[in-house]
1. Any residue that is more than 23 Å from Arg18 (Cβ to Cβ) and of a type in the set (Gly, Ala, Ser) - is there at least one of those in segment 45-68?
2. Has segment 111-132 got any residue that is under 18 Å from Arg185 (Cβ atoms), modelled with pLDDT of 80 or more and among the acidic types (Asp, Glu)?
3. Just to be sure before I move on: is Ala42 closer than 20 Å to Arg70 by Cβ, among the small types (Gly, Ala, Ser) and in a helix (DSSP H, G or I) in the structure I sent?
4. Would you pick out the residues in segment 197-213 that are exposed (fewer than 10 other Cβ atoms within 10 Å of the Cβ), of a type outside the set (S, T, N, Q) and at pLDDT 75 or above?
5. Would you say Phe29 is modelled with pLDDT of 85 or more and surrounded by 19 or more Cβ atoms within 10 Å (Cβ to Cβ)?
6. Going residue by residue through segment 46-58, is there one that turns out to be crowded, with 19+ Cβ neighbours inside 10 Å and in contact with a Pro (Cβ under 9 Å, 6 or more places away or on another chain)?
7. Is there any pair linking a residue in segment 192-206 that is over 26 Å from Pro147 (Cβ atoms) to one that is surrounded by 10 or more Cβ atoms within 10 Å (Cβ to Cβ) and of a type in the set (A, V, I, L, M), with Cβ under 8 Å and at least six apart or on different chains, and which?
8. Taking Leu22, is it surrounded by 19 or more Cβ atoms within 10 Å (Cβ to Cβ), modelled with pLDDT of 90 or more, part of a helix (DSSP H, G or I) and not polar (S, T, N, Q)?
Amino acid sequence: MPTTTATRPRRADAERNRARILAAASELFAERGLDASMPELAERAGVGVGTVYRAFPDKEHVVSAVIAERFRWLAGEVDAAIACDDPWTAFTDVVWKAAALHAKDRAFHQCLPEALDLPEISEARRRTLDAFQRLIERAQAAGALRPDVVAEDIPMLLAGIGLSRASGKGVSWERHLALVIDGLRAEGAHPLPRKPLSRAQLDAMVSELPCPH
C-alpha cells in the first residue's frame, strides 16, 4: 500500500518518540533497575504514558530494547579494539568497559539472565561474543592470554562484577576485576577443570560442614 503524505508525519513522530523513550529508558533503568515505572519513564522522556505504551507494550519490552542496544554498543567497542596494535591491552580495555557497564547499569545486570532467550537480545549477544572470540584469539596468538579461555567465559566472569556492585556494601568491583584479569594472563596459568564437579565430589569437599541447629 503506498504511503500517503498524511501518514508520514505520524510515522516520523512515532520514531522520534521511540528514540526519546529509549534514550530516557537507558538512563532511568541504569539508575533504578526494574524498580523504575512506566510513568517515571514517560516523565523522563517528556511524553505521555500513552505514548510510551504505544511504542512499547510493557516495561519488559523497553528493557529488552535497551539491553540489545547495550550489546550492540559493546560489540562495536570490541570490533574497534581488534585494530589495536597491542592485543593484550585491546582485550583488557574491552573487559574493563564491559565490567563498567555491569557496574553502572542495574537493569542490564538484573534482567540479562532472563532476557537471553529473546531473539533481539540473543542475536546481539551472539555478535558480541563472536567479536570477543576474535579479540581473545589475537591475545592468545601473542602469548599474552591463557590459551584455554573462550568468549563464553567472559559473561560469567563479568556477572560477579554486577553482583558486587549490586550488594551496595562497599565491595570494590575494580579490585575484583583486577584479580580476574591477572588470572587470565598466560604467564603462570594452570589448567582449568575439564568438567564440573559431580554432586558426590561436592559432598566430599564439604563433608565436615556443620548442620544448622
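The values are calculated or read from the model by the stated rules, or taken from the named source; none is laboratory data. Since the structure is predicted, the reported quantities are computational estimates derived from the model, not experimental observations. Positions of Cβ are generated from backbone atoms using ideal geometry, with glycine treated the same way; all protein chains shown enter the neighbour counts.
1. no
2. No, there is no match, as no residue in segment 111-132 is under 18 Å from Arg185 (Cβ atoms), modelled with pLDDT of 80 or more and among the acidic types (Asp, Glu).
3. For Ala42, the condition - closer than 20 Å to Arg70 by Cβ, among the small types (Gly, Ala, Ser) and in a helix (DSSP H, G or I) - is not met.
4. Arg199, Ala200, Val206
5. Considered against the rule, which asks whether it is modelled with pLDDT of 85 or more and surrounded by 19 or more Cβ atoms within 10 Å (Cβ to Cβ), Phe29 comes out as no.
6. yes
7. Met205/Leu197
8. No, not satisfied.
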